[in-house]
Amino acid sequence: MSYRMYSVDNENDPDYDYFVIWVQSTDKLNAPLPLKWIKTGIKDINNGEIVDWSPSGTVYTESGETKTLTLGLSVPLVASISQTFTDPDGKLYPNVFTTTQFESKWSASGTGTLDAGFNAAGIQIKSPAGKCPSFTWYASANEY
């Protein structure tokens with residue numbers, strides 16, 4: 001698992017600073033224990049609150065298919081940050097969402113897969129000017 005955090009210059013909203021955090025995780029389990037799901041998340045956010053997130057809905061994946069998640073930015077200018085991944089059959093969707101926690105979950109189709117699974121998620125945090133957010137990032141996987 002890994003994460004990246006970006007700061008966003010914010011001249012149009014001097015009371016707040018904006019940050020984008022991307023987390024991703026992979027897992028591969030050997031036979032006879034196929035992969036069932038992977039969760040990736042961010043929680044315990046201090047000095048800020050979540051104002052945007054991706055995936056924003058359910059994304060269906062097919063084996064070997066490439067998907068791109070994009071998180072749009074509008075402060076102070078329009079831009080986007082994206083993450084591209086290749087997943088086996090399944091779906092990726094928001095599993096938990098509050099102003100201080102976001103968790104995405106990738107679930108395998110059918111009875112699971114022996115292929116590697118990939119889970120990615122992005123959030124945008126608004127923090128009071130001059131305050132950098134702190135947070136905990138995590139991942140977990142389960143097998144059939």
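The values are calculated or read from the model by the stated rules, or taken from the named source; none is laboratory data. All values derive from a computational prediction rather than experimental measurement. Each accessible area value is taken on the protein alone, full model and side chains, heavy atoms only, with ligands, DNA and RNA left out. Shrake-Rupley method; radii C 1.70, N 1.55, O 1.52, S 1.80 Å.
At a 1.4 Å probe, what is the % contribution of carbon and sulfur to the accessible area of the chain?
Here it works out to 45 percent.
So between A129 and N47, what do we pick up on full extension, going 0.36 nm a residue minus the alpha carbon distance?
Computed gain between A129 and N47 is 28.5 nm.
Which entries in the list K67/K105; K43/K91; K28/K67; K28/K126 go over 26 Å, if you measure between the two C-alpha atoms of each?
Numbers: K67/K105 15 Å; K43/K91 22 Å; K28/K67 19 Å; K28/K126 35 Å.
Correct reply: K28/K126.
Only Cα pairs under 8 Å and at least 6 apart count here; give the relative contact order of the chain as a rounded whole percent.
Relative contact order for the chain comes out at 39 percent.
Where a ≥ b ≥ c are the square roots of the eigenvalues of the C-alpha gyration tensor, would you call the stretch 1-47 rounded, which needs a/c under 1.5, or, failing that, prolate if a/b is larger than b/c, or oblate? Don't skip to the end; give the middle numbers.
Details: a/c = 5.52, a/b = 3.48, b/c = 1.59.
It is prolate, given that a/c is not under 1.5 and a/b is the larger ratio.
With a 1.4 Å probe and every protein chain left in place, work out the accessible area per residue of the chain in Å², rounded to a whole number. Before the final figure, lay out the partial values.
Working: 7260 Å² over 144 residues.
About 50 Å² of surface per residue is accessible.
What does the extension gain come out to for Y3 and S82, with contour length at 0.36 nm per residue minus their alpha carbon separation?
27.1 nm
Heads up, I need the accessible area for L114: 1.4 angstrom probe, whole protein in place, Å², nearest 10.
Answer for L114: close to 90 Å² accessible.
With every protein chain kept in the model, how would you rank D89, D15 by accessible area, 1.4 Å probe, largest at the top? Before the final figure, lay out each step's value.
Details: D89 75, D15 105 Å².
My answer, sorted largest first, is D15, D89.
How much accessible area does K39 have with a 1.4 Å probe, in Å² rounded to the nearest 10?
Solvent-accessible area, nearest 10 Å²: 50 Å².
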